[in-house]
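*Asks:* First, the structure itself, so that you have it in front of you.
The values are calculated or read from the model by the stated rules, or taken from the named source; none is laboratory data. Remember, it's a predicted structure, so these values are computed and weren't measured experimentally. So basically every Cβ, Gly included, is an ideal-geometry build from the backbone, and we count neighbours across all protein chains shown. Note: accessible area is taken over every heavy atom of the protein model, side chains too, but ligands, DNA and RNA are not part of it. Shrake-Rupley method; radii C 1.70, N 1.55, O 1.52, S 1.80 Å.
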Amino acid sequence: MARSDTDALSPREAALSQARWQAILETARDAIISIDPTGVITLFNPMAQEIFGYSADEAIGRDVSFLMPSPYREKHAGYIREYQKTGVARAIGRIREVEGRRKNGEVFPLQLSVGEAAVGDEVLYTAIIRDVTKEKQAEDQLRESEERYRTLFETTHDLVQSCDPDGRFAFVNAGWRRALGYSEAQIAAMDVFETLHSDSIAHCREVIKRVLNGATVRDVQVRFVAADGRVVEAEGHVAPRVVHGEVVATQGIFRDVTERKRADAEIAKARRIAAQRERLADVGALSAKIVHDIGNPIAGLYMSAQNIQRRLERDGSVSADSIGRPVDRILTTVNNLNALVSEFKQFLQEQRLDLVETELGVVLVEVVSVWEEEAKARGIAVRIAGITERIVVHADQAKLRRVIDNLVKNALEAIRHGPGEVRLEAKLTAGDKVRIVVEDTGPGIAEGVDVFALFETTKPEGSGLGLAIAKQIVVAHGGHLSHQPREPHGTRFVIDLPRRGPATL
Ligand SMILES: Nc1ncnc2c1ncn2[C@@H]1O[C@H](COP(=O)(O)OP(=O)(O)O)[C@@H](O)[C@H]1O
Ligand SMILES: [Mg+2]
């Protein structure tokens, strides 16, 4: 069967060598086929018989081309001739992937390497052939399933990414690109950590480390940073991609939960506010009762103190110092208490608005006329900046007057002693709005004072209710009350109101 170079060996050695070769040929896991220079098969081992389905008897002596499908079959004789003529080999000395044809007609992929040996002046080609059908199938399957997944991934809204062990992107889906907005060029240049918010990097390093060790990590919370700087909140799973027992990539599927998180936060905030309101409503009801209950005793106290005062005036024998002064103090205190109670009552009052066409110029003049005299006595000017047009706003005139009155009162209290100025202004502004400004030359708002907060006051006799009430009234009108420092010193309060009144009424 096989021809080998045994000429120089003793008969025993030759027999041994022959036996060794035979054993190799019999047990080889590869097909081994030899042909002579004309292409005729001279050796066809058992594995060749198994792979191709021909017995040695059927194969030996035939031209080898019958083991090849077209187009190899037709070209093979030409290859051999060409090689013999030019020495340019196609198959010899390297492994090639070609196709074979079994007896039953099936064409299959094979790996082929061919060696050349000369025996005397005869040349012999030996091919070693491996059937790689299974490997090819597995590869095709892998490619196919990868393709399938990719198509699937392209249609999902989720963010899908596959990274090599160094964190470079191998694949990102359309959902990922849409959510984060990076260009192909950016993706190719970036690693996964460059897409993460600094909060997430340490955690993700840990996750990737575990995945590279073969674990699948579920419920991973990630903050991505999109190309435009937006933070994208995501949660999902990261799994290893294993090929031949080795982790070749980390694969993540994430869901964009930015909206959900925002909505959750808003719901939580709304709940907090509702709870706060509820508490405030309770406090309000309780306060209303207390205010109501102290209102009458205060009125009684006031009357009693006044009676004592009158009697003292009639009875000259009583010392003003020992009784008159204390009674005066009682009257002042009770007066203050009374003012506080009535201010508080107003605050508790429901803000039902009595809307009328209100001319701002008139309101400002009214307010100024109340304070003018007292201000002048203290060396403070209260003036209205030139109002050149008639500005009419749909508002509750009395309440609006109270707001402005409160602002002027605060302004005067801030300046305390002249020289100083309180300036009022009213004008139309963009968006069909009116703006009323009250500014003073006082020291400005003390640091850390939340002027609109209930009971916030820096004054010994203050109630801390004035601006809380003012704000409530302005907001009920659909307006906005704010303040800012005035240069070089002082404070400017600004009321913005929709000219046609609150939209909801
Ligand atoms: N024009 C102003 N200049 C400086 N501080 C002011 C001015 N208006 C209000 N404030 C500050 O805001 C606080 C709250 O004002 P307000 O609610 O009217 O209560 P009250 O006048 O009873 O203190 C004041 O105590 C004061 O500290
Ligand atoms: Mg005040």
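*Asks:* Report, ordered by the first and then the second residue, all pairs with beta carbons closer than 8 Å, sequence separation of six or more or different chains, a first member in the stretch 414-425 that is in the same structural domain as GLY442 (by TED's automatic domain parsing) and under 7 Å from GLY379 (Cα atoms), and a second member that is among the β-branched types (Val, Ile, Thr) and surrounded by fewer than 20 Cβ atoms within 10 Å (Cβ to Cβ).
*Replies:* Partner pairs satisfying both residue conditions: none exist.
Per-residue answers, yes or no, for (1) under 11 Å from the mean Cα position of the chain (by Cα); (2) assigned to a strand (DSSP E or B):
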| site | (1), (2) |
| --- | --- |
| CYS204 | no, no |
| ARG210 | no, no |
| GLY214 | no, no |
| ARG218 | no, yes |
| VAL222 | yes, yes |
| ALA227 | no, no |
| VAL232 | yes, yes |
| GLY236 | no, yes |
| ARG241 | no, yes |
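*Asks:* I'd like to know if the stretch 446-456 contains one or more residues that are in the same structural domain as ARG401 (by TED's automatic domain parsing), within 15 Å of ligand 2 (Cβ to nearest atom) and on the phi > 0 side of the Ramachandran plot. Walk me through how you get there before you give the answer.
*Replies:* Filtering the stretch 446-456 for residues in the same structural domain as ARG401 (by TED's automatic domain parsing) gives 446-456.
Checking which are within 15 Å of ligand 2 (Cβ to nearest atom) leaves us with 446, 449-456.
Then drop every residue that is not on the phi > 0 side of the Ramachandran plot, which leaves 455.
The answer is yes, given that some residue of the stretch 446-456 is in the same structural domain as ARG401 (by TED's automatic domain parsing), within 15 Å of ligand 2 (Cβ to nearest atom) and on the phi > 0 side of the Ramachandran plot.
*Asks:* Something else now. Where residues in the stretch 432-452 are more than 17 Å from VAL494 (Cβ to Cβ) and within 8 Å of ligand 1 (Cβ to nearest atom), which of them is surrounded by the fewest Cβ atoms within 10 Å (Cβ to Cβ)?
*Replies:* Once the filter is applied, the top-ranked residue is ALA446.
*Asks:* For the stretch 350-368, name all the residues that are without any contact (Cβ under 8 Å) to a residue 40 or more places away in the chain, in a helix (DSSP H, G or I) and open to solvent by less than 70 Å² (accessible area, probe 1.4 Å).
*Replies:* Passing the criteria: VAL362, GLU366.
*Asks:* Another question, if that's okay. If we keep just the residues of the stretch 213-229 that are touching a strand residue (DSSP E or B) at 6+ places or on another chain (Cβ under 6 Å) and exposed (fewer than 14 other Cβ atoms within 10 Å of the Cβ), which is nearest to VAL243 (Cα to Cα)?
*Replies:* Ranking the qualifying residues of the stretch 213-229, first place goes to GLY214.
*Asks:* I would also like to ask the following. Over 45 Å from the mean Cα position of the chain (by Cα) and more than 14 Å from ligand 1 (Cβ to nearest atom): which single residue out of GLU421, GLU389 fits that description?
*Replies:* Working: GLU421 fails: more than 14 Å from ligand 1 (Cβ to nearest atom).
Result of the check over GLU421, GLU389: GLU389.
*Asks:* Follow-up question, since we're still on this one. Could you say whether any residue in the stretch 53-61 is open to solvent by 30 Å² or more (accessible area, probe 1.4 Å), under 23 Å from GLY120 (Cα atoms), part of a loop (DSSP other than H, G, I, E, B) and touching a residue at least 12 places away in the same chain (Cβ under 8 Å)? First the steps, then the outcome.
*Replies:* Taking the stretch 53-61 as the starting set, the residues that turn out to be open to solvent by 30 Å² or more (accessible area, probe 1.4 Å) are 53, 55, 57-58, 60-61.
Cutting the leftovers down to under 23 Å from GLY120 (Cα atoms) gives us 60-61.
Narrowing the set further to residues that are part of a loop (DSSP other than H, G, I, E, B) leaves 60-61.
Cutting the leftovers down to touching a residue at least 12 places away in the same chain (Cβ under 8 Å) gives us 60-61.
Yes, some residue in the stretch 53-61 is open to solvent by 30 Å² or more (accessible area, probe 1.4 Å), under 23 Å from GLY120 (Cα atoms), part of a loop (DSSP other than H, G, I, E, B) and touching a residue at least 12 places away in the same chain (Cβ under 8 Å).
*Asks:* Return the pairs, sorted by first residue and then second, in which the second residue is within 12 Å of ligand 2 (Cβ to nearest atom) and of a type outside the set (Asp, Glu), the first residue lies in the stretch 459-482 and is open to solvent by 50 Å² or more (accessible area, probe 1.4 Å), the beta carbons are less than 7 Å apart, and the residues are 6+ apart or on different chains.
*Replies:* Correct list of pairs: LYS471/PHE452.
*Asks:* So in the stretch 392-419, with the set limited to residues that are open to solvent by less than 20 Å² (accessible area, probe 1.4 Å) and more than 16 Å from ligand 2 (Cβ to nearest atom), which one is farthest from GLU456 (Cα to Cα)?
*Replies:* Filtering the stretch 392-419 for residues that are open to solvent by less than 20 Å² (accessible area, probe 1.4 Å) and more than 16 Å from ligand 2 (Cβ to nearest atom), the one farthest from GLU456 (Cα to Cα) comes out as VAL393.
*Asks:* Something else: LYS376: open to solvent by 60 Å² or more (accessible area, probe 1.4 Å) and either in contact (Cβ under 8 Å) with a residue 60 or more places away in the chain or more than 16 Å from ligand 1 (Cβ to nearest atom) (or both), yes or no?
*Replies:* yes
*Asks:* For the list (1) over 30 Å from MET303 (Cα atoms); (2) surrounded by 16 or more Cβ atoms within 10 Å (Cβ to Cβ), I need the number of the one condition that PHE347 fails.
*Replies:* The one condition PHE347 does not meet is (1).
*Asks:* Moving to a separate point now. What are the residues in the stretch 104-153 that are exposed (fewer than 15 other Cβ atoms within 10 Å of the Cβ), charged (D, E, K, R) and not in a helix (DSSP H, G or I), if any?
*Replies:* GLU106, GLU116, ASP121, GLU122
*Asks:* From ILE387, ILE308, ILE330, ILE323, grab the single residue that is in contact with a helix residue (DSSP H, G or I) (Cβ under 8 Å, 6 or more places away or on another chain) and outside any helix (DSSP H, G or I).
*Replies:* Numbers: ILE308 fails: outside any helix (DSSP H, G or I); ILE330 fails: outside any helix (DSSP H, G or I); ILE323 fails: outside any helix (DSSP H, G or I).
It is ILE387.
Residues checked against (1) over 60 Å from the mean Cα position of the chain (by Cα); (2) not small (Gly, Ala, Ser):
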residue	(1), (2)
ARG29	no, yes
THR38	yes, yes
GLN49	yes, yes
ALA56	yes, no
LYS75	yes, yes
TYR79	yes, yes
GLY87	yes, no
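*Asks:* Right, here's the next one. Across the stretch 143-159, what is the number of residues that are closer than 19 Å to LEU180 by Cα and of a type in the set (Val, Ile, Thr)?
*Replies:* Residues meeting the conditions: 2.
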